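Visitor: Pasting a structure below so you can have a look.
The values are calculated or read from the model by the stated rules, or taken from the named source; none is laboratory data. Every value quoted in this text rests on a predicted model; they were computed, and no experiment measured them. Quick reminder, even Gly has a Cβ in these numbers, built from the backbone with ideal geometry, and neighbours come from all protein chains shown.
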Amino acid sequence: MTSALHSPRRWLITLAALLVAGTTFSLGQWQLRRAAQKEALQAAIESQGHLPTIDTRTLAAVKNVADVIHRQATLKGTWRAAYTVYLDNRPMNGKAGFVVVTPLLLEGGSQVILVQRGWVQRDFTDRTHLPDISTPAGLVTVRGRIAPPPSKLYEFKGMESGRIRQNIDIPAFTAQTGLPLLGVSLLQTGVASEGLLREWAAPNLGVETHYGYAFQWFGMCSLVVILYGWFQLILPLRNKLRTQRRDPLL
């Protein structure tokens with residue numbers, strides 16, 4: 001007769017416990033690695049932010065604009081107001097509205113950069129109504145932070161063109177307008193002006209979320225190990241000892 005210790009059911013339970021414990025432990029380690037990667041990225045962002053502010057001439061001379069993302073910048077140029085776009089469903093301080101994006105033709109050259117100028121609340125009575133903002137003519141100085149292109153949301157059909165859009169894709173917008181756009185944008189900072197707010201949220205890479213998931217995975221791994229040890233090792237041993245005390249001949 002096959003003993004309980006070597007029964008197929010016991011081996012199956014052991015195999016399942018090892019599989020679940022190993023998988024959850026590996027997932028916990030993966031979440032810790034992701035957290036470490038994002039912490040390194042956050043440190044790089046902060047390091048970029050402490051570098052000297054770049055100007056129009058410096059930006060024009062940069063070979064790879066991705067290298068200056070998150071750098072502070074003070075750029076001079078003229079607005080191409082006719083190509084202003086209102087990015088829909090962009091909340092700020094809990095309110096729904098638009099992020100206004102206008103191309104800026106950089107002084108002394110032909111390069112154009114998209115500027116995320118700020119946020120304006122939408123008209124809830126008329127979705128197609130464009131809020132009033134001011135776009136100065138002539139040479140302007142814009143201060144901000146070099147950023148990736150505007151973030152993208154789920155795009156509804158018919159929202160990829162026109163003044164009000166869900167997203168803006170730089171290659172597609174370049175093809176539509178003929179503007180020689182850089183592959184980055186400028187996130188304009190400073191006090192509210194021109195009818196726009198600029199209370200941008202700090203970049204959040206979700207490091208805490210990865211630590212939270214890692215805690216959950218390691219907790220599940222520990223629970224599997226504890227339950228296996230109790231029901232498959234400790235409890236059978238206690239029952240065996242009790243049986244032997246009742247009947248020493250066993």
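Visitor: Here are some residues: Leu139, Leu196, Leu182. Which one is outside the structural domain of Leu27 (by TED's automatic domain parsing), buried (at least 18 other Cβ atoms within 10 Å of the Cβ) and over 23 Å from the mean Cα position of the chain (by Cα)?
Guide: Among Leu139, Leu196, Leu182, only Leu196 is outside the structural domain of Leu27 (by TED's automatic domain parsing), buried (at least 18 other Cβ atoms within 10 Å of the Cβ) and over 23 Å from the mean Cα position of the chain (by Cα).
Visitor: Right, next: If Thr78 passes every condition in (1) within 21 Å of the chain's Cα centre (by Cα); (2) modelled with pLDDT of 90 or more but one, which one does it miss?
Guide: Only one criterion in (1) within 21 Å of the chain's Cα centre (by Cα); (2) modelled with pLDDT of 90 or more is unmet by Thr78, namely (1).
Visitor: Also, I was wondering about something else. Given the structure, is Asp132 in a loop (DSSP other than H, G, I, E, B), free of Cβ contacts under 8 Å to residues at least 24 places away in the same chain and surrounded by fewer than 13 Cβ atoms within 10 Å (Cβ to Cβ)?
Guide: When the stated conditions are applied, Asp132 does not pass them.
Okay, residues lined up against (1) in contact (Cβ under 8 Å) with a residue 60 or more places away in the chain; (2) assigned by TED's automatic domain parsing to the domain that holds His129; (3) assigned to a loop (DSSP other than H, G, I, E, B):
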position	(1), (2), (3)
Trp11	no, no, no
Leu15	no, no, no
Val20	yes, no, no
Ala36	no, no, no
His70	yes, yes, yes
Gly77	yes, yes, no
Ala82	no, yes, no
Tyr86	yes, yes, no
